Structure formats: structure tokens, C-alpha cells
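Student: Structure below; questions to follow.
The values are calculated or read from the model by the stated rules, or taken from the named source; none is laboratory data. Not measured: the values here are computed from a predicted model. Cβ: placed from backbone, ideal geometry, glycine included. Neighbour counts: every protein chain shown. Heads up: the accessible areas ignore ligands, DNA and RNA and are worked out on the full protein's heavy atoms, side chains in. Shrake-Rupley method; radii C 1.70, N 1.55, O 1.52, S 1.80 Å.
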Amino acid sequence: MENNKLWGGRFTESTDANLEKLNSSINFDKRMFAEDIEGSKAYASALEKINLLSEQETSLICDGLDKVKIEWEKNVFETKHGDEDIHTANERRLQEIIGEPASKLHVGRSRNDQVVTDMKLWLRTHLKELGNTVRSLIKVIVDRSSHEVDIMMPGYTHLQRAQPVRWSHYLLSHAWNLKKDCDRLDDILKLINVMPLGSGALAGNPFNVDRISLAKDLGFDSVTKNSMHAVGDRDFIAEFLFWASMVGIHLSRLAEDLILYSSKEFEFVTIDDSYSTGSSLMPQKRNPDSLELIRGIGGSLFGQCCSFMMVLKSLPSTYNKDLQYDKEAMFTTFDKLKSILEVATGTVKTLKINQDKCKNALSFEMLATDVAYYLVRKGIAFREAHFLAGKVVAEAERKEVSICDLTLEELKNISPSFGVDIGRVWNYENSIEQYQAVGGTAKSSVVKQIELLENWLA
Ligand code: ARG
């Protein structure tokens, strides 16, 4: 029998080596060493309050745990055979350092409530870190937008030239996606901050440990109200994975735009050398690898979410070992998302905007809607105006000229409402400046967006 197993008592044979490997999560969950120790110290104090530990034992345990933590921090903690997970490893080491009192720490607690507590503590901190990284990207977008507000470009729908817009308006559309992600993150943080510790393996805590004050010590807002729910609940992980997928999707859409815009066919932007790579074969190549990786990882984040939800689906109540996969999903997602957020921030910050290329890509048929609005302002109903503007486009196509080159006479043949003032329509800036209602692309409206986001960031 292996004595170093927490659960070795009822076993007469040792674990198969392959199972041992599969069962072990220490290589992943050691990242939560600090949270595991934080939870254990708080739990020791809670045990002292109900006289399950003496004052002296509690301080021995807490000092011992501090020593264990230092070993992790200095990277000198030696994991041993049988250290199945971080909880087992920390307890084993504590026992080695302080001896007997260590074996009293786990009373009433199970790794089932311990692991969820550790994960919530870990995620709480790291979600805030991710939130800050998202905000840094938003800030870069907002800063660019305020400096580059006068640059005009074609706006697209269906990837077809639609209407002229400000480059800043376009860029800020991505900032607003990310702002929503930050709002969602605040909601998730509230859901996470409910303490499961004190739920035991599934039935609760038999020593009437004061969960409310334990929660307070650990910075939780409240405690879970059903122990069976608490040990089997991984909704917060699924929510995090979904949230990360959503951010990944937002980044991938920004990346896709910029990949297109940086191609020779568009050339609206130039991706900085520091965020591009070359080809081993074609010397002329400058590839937007940064953006392609963002786009690719955006997809794999959703894969992670999807695969974890499949783990949860149809799982029997409370804890099952399948749930151990939660850590891999959580850590991998965190790492990948953080890395693409950082690369996105750098790429957007350093890219060069080619103002002339953007402007030269505008073409007069993009003002066909404005022709319709011109007629509306002359008193024609929109449907009719739209139809007549369509005729203008068709006539220009037939004559193989730009719509602005049709003569007034030709226009009057389509509608007598056309007058010399149609000349004002053939101006991109005038077109853009019509959109002054909240959320539009007129300068005043874009500046307002910048102010709103700047205030929010502050
Ligand atoms: N390493 C385990 C996990 O991550 C901890 C919980 C183990 N609980 C148990 N009943 N075997 O899920």
C-alpha cells in the first residue's frame, strides 16, 4: 500500500502507472498553489474558531503554509510521486515541514469544495488581469481614433463598398465590441464571487464551521446555499470560456479586417515590421502573421468552450473526475486569450494608416444613397427617391461614366426635382457629416464616442 496517498486507507494494491499519470493534475493545477494556500490558511482559522485546532496548531499550520508558498515562489518545491494534485502536494509538504498538526487541517473539508474554491480565487484575480488587458486595447483604439478622426474610408457591408465613413468610426466599432466584453466580465465576476468552501465532499460541513466569516476572510461576497450544487457547479468556468470565446471572436473579426486592409488590393493600413513576418521562399512577402494567429486562436478558444461544455453535459450530480478537465480549459484559455490580446494591442498601436489609399478608395457610386436623400429633402417619399437614385446609377452605368458626371439635363430626365445644388452631394465629407445623430459617423458623433470611452476608461 502507498501511504502517501490521501485516500490510501482502504486500498491494498497500488495504482496502475498509466492511471496514475492520467489521474494526476499537478502539472496543471500547481498554478493555483497560492490560492490553495490562501484557502487552507483561512480554513485553519475557521477550524480554530470552532475549537478543532488550538491557537498554537493554527499558527504552526499557517506559518508552515507560508513556507510551502515560498518554496513554490522560489521554484524549489519538489513534487513527489503521489502528489496527485496541488491540494495533495501542499498538504504532503506541510506535513513534512510541521509534522502532526498538518493532519488536522483537512477535517470537514474535501478536495471537492477545495478545488472549486481555489479555482474561483484564481479566476477572480486573473479575470481582472484580462479585463485590464482588454481595456489597454480599447485605449489604443481610442487614442488612434482621436488623432485620426479626419481620415475617411469606404465603409463596407457584404464586403462591398457601401457608404463613406470615418476611419475612427470604423475603428471604434471594435472598441465598442470590447467594451461590451468588459461589461459582461463584471457580471461574471459577481457570479464567481460566491464561496463553495464548507460544502465538504457533497453533504456540507458537519462541524458547523462559520462559512460567512470564512467567506469574508477570503473576500467572497456570499456563500453557496447548497453543498451538492456547490461541488458540481462549473457554470462559472463555462461562462469564462464563453466570455473568452466572445472576446476571441471580436478579435478575430478585427484581425480579418486588418488582414484584408493590409493587402496590396486595399493597402489602407501597413502592419508594422514588428508584427509581421517574412516568407522563407518569396523575398517580397510581408505576412500579417500576428493577425492570422489572432484569427486562428479566436477559433480555438471556442473549441475549448465547446469541448468543456460537452464534458459537463449529462454529468451526474456533484463531483465527478471528468471535472478535472476544467483546469486545463481554464488555464489554456487564459494563456491564449492573454497572448492574443497583447499582440492585438501592439499590432493596432503600431500599424500605419495610409490616409490617401483610404480616400482614393472612395468612389462616387457610394453616394447613391445620398442622391436618394437629396430627393427626399426635395419632398419625394423615400421609396420613390430610392427608385430614382437607382435610375441615376443605371444611367451612369449605361453611359460608362461616374454618377457625378451625369449632366443636370440627364438627371432632370430622371426627375425634375434635380437642381444645380446636386453638386453639393458629390462630396464625401458632406456625406459623412450628415450622420450626426448619436452613433453616426459625423465628426461630432465620433468625438462624442471618444469622450464616452475615455471617461469610461478613466
Ligand atoms: N484534482 C481534482 C480535480 O481537479 C481535485 C478534486 C478531487 N476530488 C476527488 N473526489 N477525487 O478535480
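Student: If only one of Asp335, Asp326, Asp233 is free of Cβ contacts under 8 Å to residues at least 12 places away in the same chain and more than 30 Å from Lys359 (Cα to Cα), which one is it? Reasoning before the result, please.
Tutor: Values: Asp326 fails: free of Cβ contacts under 8 Å to residues at least 12 places away in the same chain; Asp233 fails: free of Cβ contacts under 8 Å to residues at least 12 places away in the same chain.
Step by step, each of Asp335, Asp326, Asp233 is checked, and only Asp335 is free of Cβ contacts under 8 Å to residues at least 12 places away in the same chain and more than 30 Å from Lys359 (Cα to Cα).
Student: Then there's this: Select from segment 315-327 the residues that are open to solvent by 60 Å² or more (accessible area, probe 1.4 Å), more than 8 Å from the ligand (Cβ to nearest atom) and over 27 Å from the mean Cα position of the chain (by Cα) and list them in ascending order.
Tutor: Listed by number, the residues that qualify are Pro316, Ser317.
Student: Which one is farthest from the ligand (Cβ to nearest atom) among residues in segment 99-115 that are basic (Lys, Arg) and assigned to a helix (DSSP H, G or I)? Full working, then the answer.
Tutor: Looking only at segment 99-115, we keep the residues that are basic (Lys, Arg), and these are 104, 109, 111.
Subset that is assigned to a helix (DSSP H, G or I): 104, 111.
Details: Lys104: 20, Arg111: 4 Å.
Among them, the one singled out is Lys104.
Here's the yes/no breakdown for (1) in a loop (DSSP other than H, G, I, E, B); (2) within 13 Å of the ligand (Cβ to nearest atom); (3) hydrophobic (A, V, I, L, M, F, W, C):
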residue: Gly9; (1), (2), (3): no, no, no
residue: Glu13; (1), (2), (3): yes, no, no
residue: Asn18; (1), (2), (3): no, no, no
residue: Leu22; (1), (2), (3): no, yes, yes
residue: Ala34; (1), (2), (3): no, no, yes
residue: Ser40; (1), (2), (3): no, no, no
residue: Ser45; (1), (2), (3): no, no, no
residue: Glu48; (1), (2), (3): no, no, no
residue: Asn51; (1), (2), (3): yes, no, no
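Student: Next question, about the same structure. Determine which member of the set Leu453, Leu367 is assigned to a helix (DSSP H, G or I), closer than 29 Å to Tyr170 by Cα and in contact with a strand residue (DSSP E or B) (Cβ under 9 Å, 6 or more places away or on another chain). Before you say what the answer is, go through the steps one by one.
Tutor: Working: Leu453 fails: in contact with a strand residue (DSSP E or B) (Cβ under 9 Å, 6 or more places away or on another chain).
Step by step, each of Leu453, Leu367 is checked, and only Leu367 is assigned to a helix (DSSP H, G or I), closer than 29 Å to Tyr170 by Cα and in contact with a strand residue (DSSP E or B) (Cβ under 9 Å, 6 or more places away or on another chain).
Student: Oh, and also: Could you go through segment 41-48 and let me know if any residue there is of a type in the set (D, E, K, R), open to solvent by 20 Å² or more (accessible area, probe 1.4 Å) and farther than 21 Å from Gly219 by Cβ.
Tutor: Kept after step one, since they are of a type in the set (D, E, K, R), are these residues of segment 41-48: 41, 48.
The next check asks that each one be open to solvent by 20 Å² or more (accessible area, probe 1.4 Å); those that pass are 41, 48.
Remaining after also requiring farther than 21 Å from Gly219 by Cβ: none.
The answer is no; no qualifying residue exists.
Student: Can I ask one more? Test Ile37 against the criterion of being at pLDDT 95 or above, aliphatic (A, V, I, L, M) and within 21 Å of Lys321 (Cβ to Cβ), and give yes or no. Spell out how you get there, then give the answer.
Tutor: Details: at pLDDT 95 or above: yes; aliphatic (A, V, I, L, M): yes; within 21 Å of Lys321 (Cβ to Cβ): no.
Here the answer is no, as Ile37 does not meet what is asked.
Student: Just to verify a result, which residue in segment 58-89, among those that are of a type in the set (Asp, Glu) and either within 16 Å of the ligand (Cβ to nearest atom) or surrounded by 18 or more Cβ atoms within 10 Å (Cβ to Cβ) (or both), is farthest from Ala17 (Cα to Cα)? Step through it out loud before you land on a result.
Tutor: Step one: of segment 58-89, the residues of a type in the set (Asp, Glu) are 63, 66, 71, 73, 78, 83-85.
This time we only want the ones that are either within 16 Å of the ligand (Cβ to nearest atom) or surrounded by 18 or more Cβ atoms within 10 Å (Cβ to Cβ) (or both), so: 83-85.
Numbers: Asp83: 13, Glu84: 12, Asp85: 16 Å.
The selected residue is Asp85.
Student: Quick check on my filter: what residues within segment 247-296 are open to solvent by less than 70 Å² (accessible area, probe 1.4 Å), within 18 Å of Ser136 (Cβ to Cβ) and in a helix (DSSP H, G or I)?
Tutor: The answer is Val247, Gly248, His250, Leu251, Leu254, Ala255, Leu258, Tyr275, Ser290, Leu291, Ile294.
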